[in-house]
Amino acid sequence: MDISWPATLLLALLGLFIYRTWDTLYRKRKLPPGPTPLPLLGNVLHMKRGEMVKSLLQFGDKYGPVYTVYFGPNPVVVLCGYQAVKEALIDQADDFGSRGRQPTTDGFVQGFGVAFSNGERWKQLRRFSLMTLRNFGMGKKSIEERIREEAQFLVAELRSYKGKSLDPTTVLVQAVSNVISSIVFGSRFEYNNKDLQVLLSLFAATFKDMSSAWGQLLEMLPTVMNYIPGPHQRINKHLNNLLEFVTQRVERNQKTLDPDSPRDFIDCFLIKMQQEKQNPTSDFNMKNLLMTVINLFFAGTETVSTTLRHGFLILLRYPEIEEKLHEEIDRVIGQNRSPNIEDRSKMPYTDAVIHEIQRFSDIVPMNLPHSATNDTTFRGYKIPKGTDVYPLLCSVLRDPTQFATPNKFNPNHFLDEDGRFKKSEAFMPFSTGKRICLGEGLARMELFLFLTTILQNFKLSSQTRFTESDIEPRMKGIANFPMPYQLSFVPY
Ligand code: HEM
């Protein structure tokens, strides 16, 4: 094809114009420094395909702990290391407490539900959710009982394998999601229940597509990727199926609701909706109920089960650590009763190992996106209201100024010289500040009770000798996973 010289000149001038406008706009901002973005694409071409977290950490090495990267035309301020994340999320908690954009799910979520809302809506939903989960025993006995009961079902299931090896992914997800089911829906599912299998396959499919290289591109360039075919286009389909499932459960509750005796989280929310019926601006409406339920399932299932799965892989690598756990369990709990949450304070070694598993497995490496609530000054930079902010939890959990051997699994990070449990301010797998994980108490209880109950009943064994590199988390989009592996639960 022949392109005439006036057309070529016009194209060149247009290109120059776009570049100059972009260059001026970009340089005028007083945002933190970072790699120079290209017009329209930003720094997308600077990111390794499918390795967003790695690329962001490498930029941190080059530009310092506070830098700006552009996803398309949108700036994102990235915070690396304990000090920067603490200054933003704790010292300037009000400025950095808002939820940022998450293009992979924003179209579906539309600002509803506790995890992705902001402002007054978020405050109302967060207060209600925390309070309701507490009334149902969050941090108290009744939720503890649900977890202990589920842990026994899990032991029975593992026993049925008679020491044969298995990939623990499914059974752990089933057990952990049953804890949320019992809180939200009022009952658990049998492990072979069809509804449970449908529910879990929808979660797994959503996570897989969100974490794919395509999902990551969608995160960075939504305006372009929304029009390009690929696995990322399935995300909304999975989410809509999930919504349908939850809607049916809510309708079931509505039909049998007794306002004087709520059975579960859904009942409590429906009662609150009735109480606020006269208030046209109330945030207690069906959309917020459905999205909050989906948030609780999403946030509470993969996270805990992946941490446990990674924990078992680490213990297979270090049998001497597993041995010490057995010793502490034998000494404090014995074999005649099941573990309870009061045991935790008497088991510093187990507590330290669980903390170290969470630090090392680093399952939400990028955190969820935050954004600047106001026009904000941070370390002398000007961050306009609404700018996305990524406080990288992976960089805090492996901060060499905070942990003696940041890249090595080492329970001594959480033990003092006398073997007592030692806190670390940089232990932030649940993030910190106003948006800190709403399920932290529940998750910590689950990790302790599931792990100790399993080790009270089984020894872990594998044909494979795992190396240090085998136990490193595999970074994948928004979540980290352990490598796939098999193990046997040998009756103890
Ligand atoms: C090992 C387990 C878990 C880890 C590592 C984890 C981690 C996180 C992280 C990093 C965030 C983002 C915090 C921020 O934006 O600064 C978060 C938020 C959240 N988590 Fe968890 N989580 C876990 C388990 C749970 C469980 C069991 C629940 C269920 C109740 C849950 C519910 C939530 C909710 C609702 C939010 C959104 C909070 C908000 O936006 O106000 N999480 N979690």
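The values are calculated or read from the model by the stated rules, or taken from the named source; none is laboratory data. These figures come from a predicted structure and were not determined experimentally. Cβ coordinates were reconstructed from backbone atoms using ideal geometry, including for glycine residues, and neighbour counts include every protein chain displayed. Accessible surface is based on the protein model in full, side chains and every heavy atom, while ligands, DNA and RNA are left aside. Shrake-Rupley method; radii C 1.70, N 1.55, O 1.52, S 1.80 Å.
Descriptive notes on the structure:
- Extension gain for Asp167-Asn226 works out to 17.7 nm (0.36 nm per residue, less the C-alpha to C-alpha distance).
- Förster radius 56 Å - calculated FRET efficiency between Arg420 and Ser160, Cβ distance, rounded to 0.05: 0.90
- Cα centroid separation, the range 216-277 to the range 293-335 (Å): 30 Å
- Rounded to the nearest 500, the helix-only mean residue ellipticity at 222 nm of the chain stands at -16500 deg cm²/dmol, with each DSSP H run of n ≥ 4 adding -39,500 (n - 2.57).
- Accessible carbon and sulfur surface of the chain relative to its total accessible area, %, 1.4 Å: 55 percent
- Label-point separation, Met483 to Gln463 (7 Å along Cα→Cβ), nm: 1.6 nm
- For Gly42, nonlocal amide neighbours, meaning residues 5 or more places apart or on other chains whose placed amide H falls under 5 Å from its own, are Gly72.
- The range 336-375 and the range 115-191: distance between their alpha carbon centers, rounded to Å: 16 Å
- Separation in nanometres of the label points that stand 7 Å from Cα toward Cβ, at Phe153 and Arg49: 4.3 nm
- The residues packed around Gly113, meaning those with a beta-carbon under 14 Å from its beta-carbon, carry a net charge of +4 if Lys and Arg are +1 and Asp and Glu are -1.
- Residues of the chain: accessible area per residue with a 1.4 Å probe, Å²: 46 Å²
- Residue separation of Ser345 and Asn374 scaled by 0.36 nm, minus their Cα-Cα distance, works out to 6.3 nm of gained length.
- C-alpha long axis of helix 194-211 to longest principal axis of the chain, angle in °: 40 degrees
- Label zone at Lys324, where the point sits 7 Å out along the Cα-to-Cβ direction: the range 345-362 residues whose backbone N lies under 14 Å: 347-357
- Length gained on full extension, Gln274 to Met131: 49.7 nm, using 0.36 nm per residue less the C-alpha separation.
- A simple spin-label model places the labels of Leu14 and Asp195 5.7 nm from each other, with each point 7 Å out along Cα-to-Cβ.
- Under-5 Å amide H pairs with Leu79, H placed in peptide plane, nonlocal only: Tyr390, Leu392
- Label zone at Gln83 (point 7 Å along Cα-to-Cβ), backbone N below 13 Å, the range 54-70: 64-66
- A Cβ-based charge dipole, computed about the Cα centre of the chain with Lys and Arg at +1 and Asp and Glu at -1, lands at about 760 debye.
- Dipole of the chain, positive direction: furthest Cα of Val396, Gln152, Gly72, with charges on the beta-carbon: Gly72
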